[in-house]
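Peer 1: Take a look at this one; I'll ask things after.
The values are calculated or read from the model by the stated rules, or taken from the named source; none is laboratory data. Computed from a predicted structure; not experimentally measured. Here the Cβ positions follow ideal geometry from the backbone for every residue, glycine too, while neighbour counts run over all protein chains shown. These area figures cover heavy atoms from the full protein model, side chains too; ligands, DNA and RNA do not enter into them. Shrake-Rupley method; radii C 1.70, N 1.55, O 1.52, S 1.80 Å.
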Amino acid sequence: LKKTTLMNFAEPKSIFKTIFIIVCFLMSSKTLSQSSFAETEKAYLQAKNNDNGRFLLAAKYAQQLLYNDRPNEAMQLIDKNIDIAKKNKDGQYAAYLNSIAAFNSRLLGKDEKALQYLAQAKKYLPTTKDVATLGYVAYCEGWLQVRNGQETQAVQNFHKAIHYFDKVPETELTISRKTKIYNELSSIYADWKMYEL
């Protein structure tokens, strides 16, 4: 009788089959990513300049540019849309886009620029009543504070952000944002050895 093993990777057919499956998976996920990127780019370019939905598309498109190693284009896109958004009476989109720019700047290692964008985002908060935007800016501030070693202040901003997000309808986006905040809080509380929190 042949000896059997749980996984017989020693056979060349098994190795090649495994490699083939992995390569196919990586190619399909890259294709899906490129497809999503192309769809976002097309939607952004087709949106009208005076359409507020274009600002949300700009944020998504800029994030995709950043993650596709095109940081200069991402920041130019955000700055262009900030210039348009700040002309609106409601500061919702100017605050949101400045927050995106703050996140991106920090990811690019431009810490001082990130704080400048955050200050601009906060400047527009008194001109909006959009609760989700208030929550997003608080989340952004907390996220930056964690990376600047200001965990106590970050916890306060994360709780403020959750308070705002609890007031908006529960959507996939809201759940995603709250999940990120809870992950940040869990990490801080673990560092503080406050495991019950």
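Peer 1: From the list TYR182, TYR139, exactly one residue is loosely packed, with under 15 Cβ neighbours inside 10 Å, at pLDDT 95 or above and of a type outside the set (A, V, I, L, M, F, W, C). Which is it?
Peer 2: TYR182
Peer 1: Moving to a separate point now. For region 147-163, name all the residues that are buried (at least 20 other Cβ atoms within 10 Å of the Cβ) and either out of contact with any Phe, Trp or Tyr (no Cβ under 6 Å at 6 or more places or on another chain) or among the charged types (D, E, K, R) (or both).
Peer 2: ALA154, ASN157, PHE158
Residue-by-condition table, conditions (1) open to solvent by 60 Å² or more (accessible area, probe 1.4 Å); (2) within 13 Å of the chain's Cα centre (by Cα); (3) modelled with pLDDT under 95:
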{"position": "PHE37", "(1), (2), (3)": "no, no, yes"}
{"position": "ASN50", "(1), (2), (3)": "yes, no, yes"}
{"position": "ALA62", "(1), (2), (3)": "no, yes, yes"}
{"position": "GLY91", "(1), (2), (3)": "no, no, no"}
{"position": "LEU97", "(1), (2), (3)": "no, yes, no"}
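Peer 1: For residues that are touching a Ser or Thr at 6+ places or on another chain (Cβ under 9 Å), more than 23 Å from ARG147 (Cα to Cα) and either in a helix (DSSP H, G or I) or open to solvent by less than 20 Å² (accessible area, probe 1.4 Å) (or both), tally how many sit in region 64-89.
Peer 2: Final tally of qualifying residues: 0.
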